[in-house]
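Before any comments, here is the structure.
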Amino acid sequence: MFLLFVRSERGESVIFFDQLSDAIHAAGFDAFAIMPATPLEKFLSVLKEARAEKRYPAFAHQDLEKRINPQAFQPSARSIISLAVSYYTGDPGPTPTLHGTVSRSAWGRDYHKVLGERMDRVIHFLREHCGAQKCTKAVDTSFLVDRAIAVESGLGYPGSNCAVYVPPFGSWVFLGEILVDVELPITKSPWDDHWSHPINCDACVRACPTQALFAPGKIKPQRCLSYLTQMTGPIPEEFREKLGTRLWGCDTCQQACPINRKIGPVSDQDFDPLVGPHVPLLPLLAMDKKEFEETYGQTSMAWRGKNVLQRNACVVLGNQGDPRALDSLEGTARNHPSPTVREAAQWATDKIQRRTNQG
Ligand code: B12
């Protein structure tokens, strides 16, 4: 147990480091690391290379200098607490026919809300006991690069699938960070550089169905099945069969990882499945906006709205080829207000009919 001297505008306060650590764990985080709020210079070249090679993600903020600069997010920030929560609550098992697979990260309550609430508890502690005045939380939707902060702070290591691994939880962790206007102690040893010890294996690269992952640590997001389930508009034809039974997200590159396959499940009520792991597709196709909100509104898969999921449901039904889906698909192809969903339903109808006629 060591003492923590915290310097802030309000003077110096002393607490035990274990108290901070206990508060973070009591708030619901499985692991954390602390780094100074200085720019992540080393990561700028990774972002620039991704952009130069036309594989910079469309969903991500486009100002690269800003993305590596914590002060652009909170000018008074002096420290960053990088945080992880495990969401590995069990195995999905095989997908039944007329059902779609939901990736693990979307089974339970929306992780943005869960981590946000837990961060509020940590912020309360920082204000009460560490002299912090300004704290800013981020998870996923800010311009900061959550993974780069996690590696730079020493919280985890980069995997070949681009995910950050936080021992002993593997890569099945959500990441977030709190920027604080006090100097907290850095938790990484000065000689330890987690960027130099990436996880060295290419099982995920070999497993990726679309070669989106084409080399260790390199991904073409436009080909990633997770991206394709989240994009708006029609899913390009070349990827539709590759989507298989995936209704939302893709876990293939994480599932293929020998490290991840050894991870035991955690118990976290927030991430117990609200929907999924397998979702019945015919009821989903018949849903109106209100029913959709009631069923999926608490999960992170609702952010793109009903039509994107209904489009995906059509593609999955087409891939499964079960003729019991035909009535519902034909009705959707005729009557759905979205041209994208109508087109996907027609694609699936044709595919099932071709298969039925052949068989
Ligand atoms: C845009 C985005 C996407 C895009 C693009 C993904 C991507 N890889 O860039 C899409 C929609 C495809 C996507 C998918 C997923 N995402 Co996403 N996504 C983001 C977002 C918003 C920005 C990511 C970004 O800036 N990428 C830029 C590129 C350059 O960074 P990167 O590839 O991730 O960086 C790694 C590599 O460059 C690698 N690296 C660099 N040099 C080298 C060298 C070597 C040798 C090696 C091995 C590695 C390596 O290290 C970096 C860190 O690991 C973040 C949230 C955020 N604000 O940061 C979440 C985030 C990355 N996503 C997350 C999740 C959970 C997912 C999915 C698992 C969801 C799912 N089940 O479908 C998949 C995983 C896909 C994958 N293999 O990356 C988590 C990741 C948690 C973790 N443990 O890593 C994040 C951090 C959200 C969060 N706060 O928890 N996502």
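A short reminder: the numbers here are calculations on the coordinates, not readings from a lab. Every value quoted in this text rests on a predicted model; they were computed, and no experiment measured them. Here the Cβ is made from the backbone with ideal geometry for all residues, glycine too, and neighbour counts use every protein chain on show.
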Under the Cβ-under-4.7 Å rule, which cysteines of the chain stay unpaired? CYS130, CYS135, CYS162, CYS201, CYS208, CYS224, CYS250, CYS257, CYS314
Based on the alpha-carbon gyration tensor of region 3-196 and its eigenvalue square roots a ≥ b ≥ c, which shape applies: rounded if a/c is under 1.5, prolate if not and a/b is larger than b/c, or oblate? oblate
Taking only Cα atoms, what is the 0 to 90° angle, nearest 10, from helix 111-129's long axis to the longest principal axis of the chain? 10 degrees
With label points set 7 Å from each Cα along the Cα-to-Cβ direction at ASP272 and HIS61, the distance between them in nm comes to 3.6 nm
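Rg/Rh for the chain: what does it come to with C-alpha atoms and Rh from Kirkwood? Display every interim value, and only then the final one.
Values: Rg = 22.2 Å, Rh = 21.8 Å.
Ratio of gyration radius to Kirkwood radius: 1.01.
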Rounded tilt (10° steps) of 339-358 against the dominant C-alpha axis of the chain: 50 degrees
With 10 angstrom as the radius, rank LYS262, LYS113, LYS134 by how many other C-beta atoms surround their C-beta, starting from the fewest. LYS262, LYS113, LYS134
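Only helical DSSP H runs with n ≥ 4 go in: add -39500 (n - 2.57) per run for the chain, normalise by residue count and round the 222 nm mean residue ellipticity to 500 deg cm²/dmol.
Details: 16 runs with 138 residues, N = 359.
Helix-only estimate at 222 nm: -10500 deg cm²/dmol.
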What does a probe at ASP350 reach in region 237-253, counting residues whose amide N is under 19 Å from the point 7 Å along Cα→Cβ? 237-244
Mind scanning LYS42/LYS66; LYS48/LYS113; LYS113/LYS262; LYS42/LYS218 and naming the pairs with a C-alpha gap bigger than 20 Å? LYS48/LYS113; LYS113/LYS262
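How much FRET efficiency would the formula 1/(1 + (r/R0)^6) give for ARG206 and ASP140, where r is the Cβ-Cβ distance and R0 is 30 Å, rounded to 0.05? Intermediate values should be presented prior to the final figure.
Values: r = 28 Å, r/R0 = 0.93.
Plugging the Cβ-Cβ distance into 1/(1 + (r/R0)^6) gives 0.60.
Residue separation times 0.36 nm, minus the C-alpha to C-alpha distance between ASP288 and GLN358: what's the value? Walk me through the intermediate numbers first.
On the way: separation 70, 0.36 × 70 = 25.20 nm, distance 3.46 nm.
That works out to 21.7 nm of additional length.
Pull out a ≥ b ≥ c, the square roots of the eigenvalues of the alpha-carbon gyration tensor of region 203-358, then state rounded if a/c is under 1.5, prolate if not and a/b is larger than b/c, and oblate in the remaining case. Write out the running numbers ahead of the final one.
Working: a/c = 1.89, a/b = 1.33, b/c = 1.42.
Judged from the Cα gyration tensor, region 203-358 comes out oblate (a/c at least 1.5, b/c at or above a/b).
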The FRET efficiency for ALA26 and ASP322, from their Cβ-Cβ distance with R0 = 41 Å and rounded to 0.05, is 0.30
Loop-only check: which GluC sites (Glu not before Pro) in region 165-246 are DSSP coil with at most 13 other Cβ within 10 angstrom? GLU241
Calculate the spin-label point distance for LYS113 paired with GLU128, positioning each point 7 Å from the Cα along the beta-carbon direction, and give it in nanometres. 2.5 nm
Please check: in the Gaussian network model of the chain (C-alpha springs, under 10 Å), which one of ARG206, ARG104, ARG223 has the largest mean-square fluctuation. ARG206
Exposed chymotrypsin sites (Phe, Trp or Tyr not before Pro) absent: longest stretch of the chain, with sites in DSSP loops and at most 12 other Cβ within 10 Å deemed exposed: 192-359
